[in-house]
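> Would you mind keeping the following structure in view while I ask a few things?
The values are calculated or read from the model by the stated rules, or taken from the named source; none is laboratory data. On a predicted model such as this, the values are computed, not experimentally measured, just so you know. All Cβ positions, even for glycine, are placed from backbone atoms using ideal geometry, and neighbour counts span all protein chains on display. Just the protein is used for accessible areas: all its heavy atoms, side chains included, with ligands, DNA and RNA removed. Shrake-Rupley method; radii C 1.70, N 1.55, O 1.52, S 1.80 Å.
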Amino acid sequence: KRTHLLVVGVYLLSSCRAEEGLNFPTYDGKDRVVSLSEKNFKQILKKYDLLCLYYHEPVSSDKVAQKQFQLKEIVLELVAQVLEHKDIGFVMVDAKKEAKLAKKLDYKAFEEAAEHFQPYIKFFATFDKGVAKKLSLKMNEVDFYEPFMDEPVTIPNKPHTEDELVEFVKEHQRPTLRRLRPEDMFETWEDDLNGIHIVAFAERSDPDGYEFLEILKQVARDNTDNPDLSIVWIDPDDFPLLVAYWEKTFKIDLFKPQIGVVNVTDADSVWMEIPDDDDLPTAEELEDWIEDVLSGKINTEDDDNEDEDDDN
Ligand SMILES: *[C@@H]1O[C@H](CO)[C@@H](O)[C@H](O)[C@H]1NC(C)=O
């Protein structure tokens, strides 16, 4: 049985009417509405198809306030009685006493966090137990999937507020390896690493390109914790109209895999020497090369004077 969890306010009371026309039912005196706590939460969720939650402030010791609260409770009991046969449950949540639970039940944070990153980062929610199990997702857990990584990262300290989610995503937003996509190529290009991009060209439909991409993925997985590294992978097949332009600008042959550093200011670039496509660099060799790029040992500036010398 699938359990749907709906968070609804009191406004529901006015729309939950007895179905028997004008015969207004009377309360039979049986207690159905329970106070929801972290302890009974799971058990109650299992019991009903639909759960209506009534959030309330802590009831003060004031006599009038207590009387008012009792009245609300009776109204809720009556609604619960009327809808009992439909497997709809009614519970009350003390928003202060059960602050942690109240926060846990608040999916709004996730939705609102998602709005910050539209449409570049996709947010998915599942309400299906089977799907959640396949993804080994627990209740209210948010997993962050970085492109090309085998395992997601579970965002710690659930349940999360909108701000916590936004902060985490911002911090982890730049992947170690990202595919340049036509739909967000400008955003990707603007997100440079101190004025440079490490760019790899690899055609997935080509055996050498495919193998090179696998090596890149390996390097990305090994270096996923390095915040300074982000390789932009371009599949020339995605940009047929730009291939000639790139070959001319970067002075490279895009029929074979390439990796290089591009200065985003002047499009000056240096490319790793891959003498033979049958002998692609190993992950270790690629890592050494990347290290030299990140340390500045390999850069686009050193050969600039040589170029001038050549011209003279
Ligand atoms: C990129 O090129 C500009 C212009 O030639 C230069 O001033 C800058 O230092 C270069 N940046 C890097 C990181 O090499």
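> Just need log10 I(q)/I(0) for the stretch 83-133 at q = 0.21 Å⁻¹, Debye formula, equal scatterers on the alpha-carbon atoms, no solvent, rounded to two decimals.
Listed by q, the Debye log ratios stand at -0.97.
> Please compute one quarter of the surface area of the Cα convex hull for the stretch 24-98 and express it in square nanometres.
5.5
> When N is the residue count of the stretch 139-196, what does its C-alpha Rg come to as a fraction of 2.2 N^0.38 Å?
The stretch 139-196 yields a ratio of 1.32.
> Accessible area per residue for the stretch 34-172 in Å², computed with a 1.4 Å probe and the full protein assembly in place, what is it?
65
> With only alpha-carbon atoms in the gyration tensor, what are the semi-axes of the equivalent ellipsoid for the stretch 177-295, in Å, largest first?
19, 18, 14
> Compute the distance in nm between two label points, each set 7 Å from the Cα along the Cα-to-Cβ direction, one at residue 288 and one at residue 84.
Taking the simple label geometry, residue 288 and residue 84 are separated by 7.7 nm.
> When the dipole is taken about the Cα centre of the stretch 34-172, and only Lys, Arg (+1) and Asp, Glu (-1) are charged at their Cβ, what size is it in debye, to the nearest 20?
With Lys and Arg at +1 and Asp and Glu at -1, about 660 debye.
> With a cap of 16 neighbouring Cβ atoms within 10 Å, and only residues DSSP puts in a loop, list the chymotrypsin sites (Phe, Trp or Tyr not before Pro) found in the stretch 239-285.
Passing sites in the stretch 239-285 are 255.
> What's the FRET efficiency of residue 214 with residue 172 using the Cβ-Cβ distance as r and R₀ = 22 Å, to the nearest 0.05?
Rounded to the nearest 0.05, the efficiency is 0.40.
> Which GluC sites (Glu not before Pro) in the stretch 161-229 sit in a loop by DSSP (not H, G, I, E or B) and have at most 10 other Cβ atoms within 10 Å of their own Cβ?
none
> About the Cα centre of the chain, how large is the charge dipole given +1 on each Lys and Arg Cβ and -1 on each Asp and Glu Cβ? Please answer in debye to the nearest 20.
4940
> Between residue 117 and residue 304, how many nm apart are label points set 7 Å from Cα along the C-beta direction?
A separation of 3.6 nm, rounded to one decimal place.
> Further, regarding this structure: Enumerate the residues in the stretch 44-88 having an amide nitrogen under 20 Å from the point lying 7 Å beyond the Cα of residue 30 toward its Cβ.
44-52, 73-88
> Okay, moving on. Using θ = phi - 60° and the Karplus form 6.51 cos²θ - 1.76 cosθ + 1.60, what ³J(HN,Hα) does each residue of the stretch 148-153 get, whole Hz, x for Gly and Pro?
Karplus values, whole Hz, x for Gly and Pro: 6, 8, 6, 10, x, 9.
> Hey, another quick one. Rounded to the nearest 500 deg cm²/dmol, what is the calculated helix-only ellipticity per residue at 222 nm for the chain, with -39500 (n - 2.57) per DSSP H run of length n ≥ 4?
Estimated from H runs of four or more residues: -11000 deg cm²/dmol.
> Which value does Rg/Rh take for the chain over its C-alpha atoms, Rh per Kirkwood?
That ratio equals 1.20.
> Could you please put 88, 74, 231 in sequence from largest to smallest accessible area, using a 1.4 Å probe?
Heavy-atom accessible area, descending, gives 74, 88, 231.
> Return the loop-located trypsin sites (Lys or Arg not before Pro) in the stretch 160-257 (DSSP other than H, G, I, E, B) with at most 12 other Cβ atoms within 10 Å of their own Cβ; answer none if there are none.
Here the trypsin sites (Lys or Arg not before Pro) that fit, given the DSSP loop and packing criteria, are 251.
> Expressed as a fraction of 2.2 N^0.38 Å, the rule-of-thumb size for a compact globular protein of N residues, what is the C-alpha radius of gyration of the stretch 34-172?
1.29
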